[in-house]
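Asks: Sharing a structure below in structure tokens format, with a few things to ask.
Where a number appears in this text, it was derived from the coordinates with a stated rule and is not lab data. Just so you know, these numbers come straight off a predicted model, no measurement behind them. No Cβ is skipped: glycine too gets one built from the backbone with ideal geometry, and neighbour counts run over all protein chains shown.
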Ligand SMILES: NC(=O)c1ccc[n+]([C@@H]2O[C@H](COP(=O)([O-])OP(=O)(O)OC[C@H]3O[C@@H](n4cnc5c(N)ncnc54)[C@H](OP(=O)(O)O)[C@@H]3O)[C@@H](O)[C@H]2O)c1
């Protein structure tokens, strides 16, 4: 029987790439995000390539919406064996001194509580599958801080704490917990969202960096972790572009 994977934040960037990739690995993928028009296009693309996916409108900051995602997963054509908690992002690059409380609340709600809500809603199905995997897409900001990144790093540190705690709590039950921590990934929207739509500031993040990671690179990491034999739990996978040796150590041409 076909295994079902649920991917949140599937309407762009890493989430959309992960949907495409998991479909090629044979999963029926439930692609969840708020922008259902983009999800519908993605599903059409997956199906045109011989894969199977379903678009699910879901706001991970809403209990009711996440309950709808769980209902869709229960009705899916196979056991739910994989959850990819990817929905998230950054807002603002302000110092702690002046950071907007609203930005910090948004980051905590989407990255941390979104992961909590969706994990709680799908955990029963993952356990009953007998071979479940939960992937948490955190960040190198989940273990390193940088100037202006206080709110994002606080949220990603918290998301990392949730992943580590969950792995301890699920020990003895048939669900793996994998944390993936990407460094710089050039996706179409991450930095635009961070800078509230300011394209110049968004582009400057990647200026002179010859090859930042792209969404497919992270999707490849998700697929690799998820397709190891079930007894192999990749606890944490840290992945950066060659040009980024550490959070502050980025080689830029020119
Ligand atoms: N790009 C990077 O450099 C980088 C590095 C490390 C980690 N990450 C992490 O990787 C993940 C994906 O990032 P990305 O670069 O692919 O960013 P992105 O292109 O901005 O994608 C973010 C996704 O999250 C979804 N989302 C936002 N709020 C949501 C909500 N309330 N409910 C449901 N979905 C929501 C968005 O869809 P809708 O707006 O349609 O809902 C979108 O599909 C994030 O967790 C991010 O923190 C990114």
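Asks: Please tell me if residue 130 is within 20 Å of residue 169 (Cα to Cα) and out of contact with any strand residue (DSSP E or B) (no Cβ under 6 Å at 6 or more places or on another chain). Explain how you work it out, then say what you get.
Replies: Values: within 20 Å of residue 169 (Cα to Cα): yes; out of contact with any strand residue (DSSP E or B) (no Cβ under 6 Å at 6 or more places or on another chain): yes.
It is true that residue 130 is within 20 Å of residue 169 (Cα to Cα) and out of contact with any strand residue (DSSP E or B) (no Cβ under 6 Å at 6 or more places or on another chain).
Asks: Then there's this: Considering 209, 218, 238, which residue is within 12 Å of the ligand (Cβ to nearest atom), assigned to a helix (DSSP H, G or I) and touching a residue at least 24 places away in the same chain (Cβ under 8 Å)?
Replies: On the way: 209 fails: assigned to a helix (DSSP H, G or I); 238 fails: assigned to a helix (DSSP H, G or I).
Exactly one of 209, 218, 238 is within 12 Å of the ligand (Cβ to nearest atom), assigned to a helix (DSSP H, G or I) and touching a residue at least 24 places away in the same chain (Cβ under 8 Å), namely 218.
Asks: Here is a further query. Exactly one condition in (1) over 30 Å from residue 78 (Cα atoms); (2) within 10 Å of the ligand (Cβ to nearest atom) is not met by residue 111; state its number.
Replies: Status for residue 111: all satisfied but (1).
Asks: Related question: Before we move on, is residue 166 surrounded by fewer than 22 Cβ atoms within 10 Å (Cβ to Cβ), in contact with a strand residue (DSSP E or B) (Cβ under 8 Å, 6 or more places away or on another chain) and over 16 Å from residue 114 (Cα atoms)?
Replies: On the way: surrounded by fewer than 22 Cβ atoms within 10 Å (Cβ to Cβ): yes; in contact with a strand residue (DSSP E or B) (Cβ under 8 Å, 6 or more places away or on another chain): yes; over 16 Å from residue 114 (Cα atoms): no.
When the stated conditions are applied, residue 166 does not pass them.
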